[in-house]
Amino acid sequence: MTSSNLPTNKIGNWLEERLKLSALTQIAQKKEVPLHKHSIWYYMGGIAMLFLAVQFVTGILLMVYYVPDLESAHASILKINSQIQFGWFIRSLHSWGANLMIAVVFLHLFSSYFMKAYRKPREITWLIGMLLLVITMAFGFSGYLLPWDDISFFATKIGLDIASKTPLIGPTLAELLRGGENIGQSTISRFFVIHVAILPLVLLGLLAGHLVLVQMHGMSKPPGIDTPEKPCPKEKFFPNFFLRDLLVWILSFNVLAVLVTLAPWGIGPEADPFAPAPLGIKPEWYFLSMFQFLKLMPASVGPIEGELVGIFLIAAVAGALVMVPFWDDGKSEGRSALATMYGLAVLIGFIAFTIWGAIS
Ligand code: HEM
């Protein structure tokens, strides 16, 4: 039997004639990744994708037993945790996975920022990335309410109260999410639909755009790394970088598995909307810096409510980050240094306010 007559080759040829899969292999073979001292940060987007895949698989499995009903939501989570085979494991993978994914997306954002990967021609990759961050955090916020325990209930209440203060869109947005004046059945139903249908669809669409653009422009090189005197070496994406990607995924999955087995995700007592809020209630760590910042605002600044001023300041800080490709386009050394310092200030502020919020 000659090699072209082998059954596997026959199937390969059949598929090739119909799907032209060789076009994909050609793209993978052409793709190259720059090799330099900061190359480690190129793995972050891939790790975020791994955790996203974990969220999809575990989320679908959780949906089999979770009931988005005021009377049954909490009981269904208790059942998943204690009666369903490996239920606790799947749920913990989902909860820890969400936190790791958000942490990795932050790492990916700041590393892309400091490597100046947002500059021409990657401005739109950056803007889509910012939307992906918002969607990722919205996943966290909407998922947090679903177990319907006391902390998740009151944390959501505080979050929606703050959101309702945002001028113009705030009150309508909060009302739309709540589905009425109080958090109740309508809120669970809406958060469930947002969490399992709307956000995944939007995220997949945005991610496809993000990845097509990354493919189109190739990986960026930090400024000064590739000069005519010292050109930056490159390696093939396939198989060199890809195999290391796989290794990094295995390591990341192990970190998740260790967290899940050593610290399975718990659940608090069922939410009682008529009980007083538990003392020292706080949002999840990724909202804590903003929460802490708003807590420090005085009752009023001149004629304006303090919290409103805080919301404006947070929006201004975030807005400058979103718009960075347009004020640091690489043509001015001064602006480049300013952008780096600004990024450092935001990063330090984010970490400091998060720690402050956690210990206070
Ligand atoms: C769900 C969240 C996200 C996923 C799954 C994701 C995935 C990826 C992947 C796989 C890459 C190529 C490899 C790499 O550079 O790591 C990439 C590149 C990139 N991402 Fe993301 N990303 C996400 C969010 C973000 C965010 C929040 C930003 C920043 C606002 C961002 C900005 C960029 C930029 C600028 C590049 C090009 C990097 C370069 O050329 O050096 N991404 N992303």
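Keeping all protein chains in the complex and leaving out DNA, RNA and ligands, what accessible area do you get for THR8 with a 1.4 Å probe, in Å² to the nearest 10? Rounded to the nearest 10, that gives 100 Å². Using the empirical formula 2.2 N^0.38 Å as the baseline, the Cα radius of gyration of the stretch 284-360 reaches a ratio of 1.28. Expressed in units of 2.2 N^0.38 Å, where N is the residue count, the Cα radius of gyration of the stretch 34-270 is 1.16. Loop sites by DSSP among the trypsin sites (Lys or Arg not before Pro) of the chain, restricted to those with at most 14 other Cβ atoms within 10 angstrom, leave 38-330 as the longest stretch without any of them.
Relative contact order of the stretch 202-313: 8 percent, from C-alpha pairs under 8 Å at least 6 residues apart in sequence. Sites listed here are chymotrypsin sites (Phe, Trp or Tyr not before Pro) in the stretch 36-127 whose DSSP assignment is loop and whose Cβ has at most 15 other Cβ atoms within 10 Å: PHE86. Note on LEU176 and PHE274: with the Förster distance fixed at 25 Å, the Cβ-Cβ geometry gives a FRET efficiency of about 0.55. State whether the stretch 218-360 is rounded, prolate or oblate according to the following rule on the C-alpha gyration tensor (a ≥ b ≥ c being the square roots of its eigenvalues): a/c under 1.5 gives rounded; otherwise a/b larger than b/c gives prolate, and the remaining case gives oblate. It comes out oblate by the Cα gyration axes. Site-free segments of the chain were taken between GluC sites (Glu not before Pro) in DSSP loops having at most 13 other Cβ atoms within 10 Å, sites themselves excluded; the longest one is 230-360.
Computed over Cα pairs, the Kirkwood radius of the stretch 14-125 leads via Stokes-Einstein (1.306 mPa s, 10 °C) to a diffusion coefficient of 90 µm² per second. Applying the Karplus relation 6.51 cos²θ - 1.76 cosθ + 1.60 with θ = phi - 60° to the stretch 136-144 yields 3J(HN,Hα) values of 4, 5, 5, 4, x, 5, 6, x, 4 Hz, where x marks Gly and Pro. Do any of LYS20/LYS116; LYS31/LYS116; LYS157/LYS295; LYS236/LYS331; LYS37/LYS331 go past 27 Å between their Cα atoms, and which? Those over the limit are LYS20/LYS116; LYS236/LYS331. About its Cα centre, the stretch 34-270 has a charge dipole of approximately 960 debye under the convention of +1 per Lys or Arg Cβ and -1 per Asp or Glu Cβ, with nothing else charged.
Classify the stretch 19-82 from the C-alpha gyration tensor, please: rounded if a/c falls under 1.5, else prolate or oblate depending on whether a/b exceeds b/c. It comes out oblate by the Cα gyration axes.
Site pair ALA23 and LYS295 shows an inter-label distance of 5.5 nm when each label is modelled 7 Å from Cα along Cα→Cβ. Ranking ILE314, SER186, ALA155 by how far each Cα lies toward the positive end of the dipole of the chain (charges on Cβ) leaves ILE314 at the top.
Across the stretch 67-177, the convex hull enclosing all Cα atoms gives 136 Å³ per residue.
Computed on protein heavy atoms with a 1.4 Å probe, the accessible areas place MET290, MET216 in the order MET216, MET290, largest first.
The values are calculated or read from the model by the stated rules, or taken from the named source; none is laboratory data. Given the structure is predicted, the values throughout are model-derived calculations rather than measurements. So basically every Cβ, Gly included, is an ideal-geometry build from the backbone, and we count neighbours across all protein chains shown. SASA here: full protein model, heavy atoms, side chains in, ligands and nucleic acids out. Shrake-Rupley method; radii C 1.70, N 1.55, O 1.52, S 1.80 Å.
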